Structures are given as C-alpha cells and as structure tokens.
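Engineer: Shown below is the structure under consideration.
The values are calculated or read from the model by the stated rules, or taken from the named source; none is laboratory data. Because the structure is predicted, anything quoted here is derived from the model rather than measured. As a convention, Cβ positions derive from the backbone with ideal geometry for all residues, glycine included, and neighbour counts pool all protein chains shown.
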Amino acid sequence: MMPKQTNKLTSEQLFKRAGGRRRYNLERQDAASKRRGEVRRLLDLYGRERRGTQARIARELHVSRTTVCRDVQIVKLLDWTLKHPAKAIKLLW
C-alpha cells in the first residue's frame, strides 16, 4: 500500500487557484452566452423547424450537434419566458 500523499497548499496558493477557476468559468460562460446569441441568429436565418438546421449551425460554429441542441433548448426557454413572463414567474414560485 502506498503512503497517503498530502499536498499542503498555502492560503495564497488556494486563493490563486480559486481565482483562476472563477476566471476560467466566467470565460466559458461568456463564450457560451455569445454562442447562444449566434445560435439564435442562425435559427432565425435558417428556420427553426427545418430539418438539418441544428447540424448546419454546428458545422458553421465548429461545435458538436449536442452543444447546439442544448443551446437551442435554452434559447427556446428564454424566448418562452420573454413571451410569457407571468407564467414564468409562477413556475419559479
């Protein structure tokens, strides 16, 4: 059995690591938000209900079809909440 390794980090190292994670996560969230805006624009351009639209968007944005599928779901949800704010508030309560 190998001895348990203990890597003690100083408070400064922990703070730097946490700050780096926060920055990295914010960059990813910002990129996802911008990509969703582009997905919304392309959905309006190519048609939301046409066959192959999501695959076409994925190729154009150089992301997977799964990523575009998730983005489309979020875009539809956001569009619905903007059109029906009272119903959206009821869902939250």
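Engineer: Please determine, by comparing only the residues of segment 10-48 that are aliphatic (A, V, I, L, M) and within 27 Å of VAL68 (Cβ to Cβ), which one is surrounded by the most Cβ atoms within 10 Å (Cβ to Cβ).
Structural biologist: VAL39
Engineer: In addition: Could you give me the residue pairs with C-beta distances under 7 Å whose first residue belongs to segment 34-55 and is of a type in the set (Lys, Arg), whose second residue is assigned to a helix (DSSP H, G or I) wherever it lies, and which are 6+ apart or on separate chains?
Structural biologist: Partner pairs satisfying both residue conditions: ARG35/LEU61; ARG35/ASP71; ARG36/ASP71; ARG36/ILE74; ARG36/VAL75; ARG40/VAL75.
Engineer: Quick check: anything in segment 55-75 modelled with pLDDT of 95 or more, of a type in the set (S, T, N, Q), surrounded by fewer than 14 Cβ atoms within 10 Å (Cβ to Cβ) and closer than 18 Å to ARG28 by Cα?
Structural biologist: Looking through segment 55-75, at least one residue is modelled with pLDDT of 95 or more, of a type in the set (S, T, N, Q), surrounded by fewer than 14 Cβ atoms within 10 Å (Cβ to Cβ) and closer than 18 Å to ARG28 by Cα.
Engineer: Continuing with this model, one more query. Mind checking which residues of segment 56-66 are free of Cβ contacts under 8 Å to residues at least 24 places away in the same chain and out of contact with any Ser or Thr (no Cβ under 7 Å at 6 or more places or on another chain)?
Structural biologist: Hits for segment 56-66 are ARG56, ILE57, ARG59, GLU60, HIS62, SER64, ARG65, THR66.
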